1. Please report, in whole Å, how far the alpha carbons of the range 294-338 spread along each principal axis, starting with the longest.
2. Using a Gaussian network model of the chain whose springs link C-alpha atoms within less than 10 Å, name the residue from 236, 29, 336 with the highest mean-square fluctuation.
3. Helix-only mean residue ellipticity at 222 nm, the chain, DSSP H runs n ≥ 4 weighted -39,500 (n - 2.57), per residue, nearest 500. What is it?
4. Test of understanding: in a Gaussian network model of the chain with alpha carbons linked when under 10 Å, which of 183, 152, 196 would top the mean-square fluctuation ranking?
5. Report the full-extension gain for the segment residue 443 to residue 30: residue separation times 0.36 nm, less the Cα-Cα distance, to one decimal in nm.
6. Taking the Cα centre of each part, how many Å lie between the range 355-411 and the range 146-192?
7. Would you please give the FRET efficiency between residue 79 and residue 419, computed as 1/(1 + (r/R0)^6) with r the Cβ-Cβ distance and R0 = 30 Å, to the nearest 0.05?
8. What is the Cα centroid distance between the range 78-101 and the range 28-60, reported in whole angstrom?
């Protein structure tokens, strides 16, 4: 993708921001690696001395022998289960200095929820990253609609508002979408220039009657998709409906909300390497894979005060893109996330179904707005793939769409799967929740 000078300079500003954090005037890979190694040593020392979980996990303080970045591979992983079992054991500061606690209920999992702790300094690090990440495609005077939770201090929308105001932009905090038509009218009324929101919810907004008027008005220029897997089909449909540039953000609460963001080249995410160290591992062996090879994303915090995390397994599938991005950044480029481990469902001993493949296929049908999916026991001991589809238009020839979709789904796998398709409606789709779609497995119920 061609890069104009203005966008190129903005991407260079992201390098310069990390350069300032690493105390170098011109950022190089060698300098960044040295900075990360120094931060890793400090993190390991702090974790060993202040976190009861890591003090028990490590037989000795790892900082005493860590001499290179690859040396981190000798340390054990931290998992989601570890966070659920004993979240307070990860705390590395006094509880009275905790500014924000985020409780995450793990979908489909019984028992305790994950609890993520933030100090005031941790929250400001996120604001800093948001400011410089958003600065790639946001400028002073922009009017940005934030369709994420933002009324509570320390929430993702609240932090994003601070970052946007630091850029000289005006932020409108709406929250998650509860009425797509109301939001589409708000975009017109407030002359919104940019939107940050959840992929499926923004798709619903873009399919309202106001879409043509928004596109014609021309003030809406950019959309940033966040909080869940982003189907390329959704990005395409948003671009077609509104005529906007669609960017993607990668992150999680465990990362401190922000992990990486697209540059105008839109090849992948440029990573928050001043605050996080990333690895890609083989999910079976746990060994680090070469750049360019797909695996599971693992990260270690470099600057977190309240809750350092060391070699945390995200369950996300990605790869480092070995070629330099056309934008010229020194930062690593992480590919689009191709899905999550928990969304890879085994159909038989050797055949798997990836939710992201199914999602891309469904949203490539312009008539579809949303869906839910489950695996059930079919006839003759076969597996049945049960879909509930939400159509964007009541006048659509639904049977024709369903027939075409069944044919395409059958091509996803050699395993024989019965396909059941039912119709849903918007009232059945929980637009208010920041839900992440899962394949529900009912075969053993």
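1. Its Cα atoms span 37, 22, 12 Å along the three principal axes.
2. 29
3. On the way: 12 runs with 135 residues, N = 445.
After summing the helix terms and dividing by residue count, I get -9000 deg cm²/dmol.
4. 152
5. Working: separation 413, 0.36 × 413 = 148.68 nm, distance 5.15 nm.
Full-extension gain reported as 143.5 nm.
6. Here the answer is 32 Å between Cα centres.
7. On the way: r = 34 Å, r/R0 = 1.14.
E(calc), rounded to 0.05, equals 0.30.
8. After rounding, the separation between the Cα centres reads 17 Å.
A short reminder: the numbers here are calculations on the coordinates, not readings from a lab. Since the model is a prediction, treat every value here as computed from it, not as a measurement. Neighbour counts run over all protein chains shown; Cβ positions are idealised from the backbone, glycine included.
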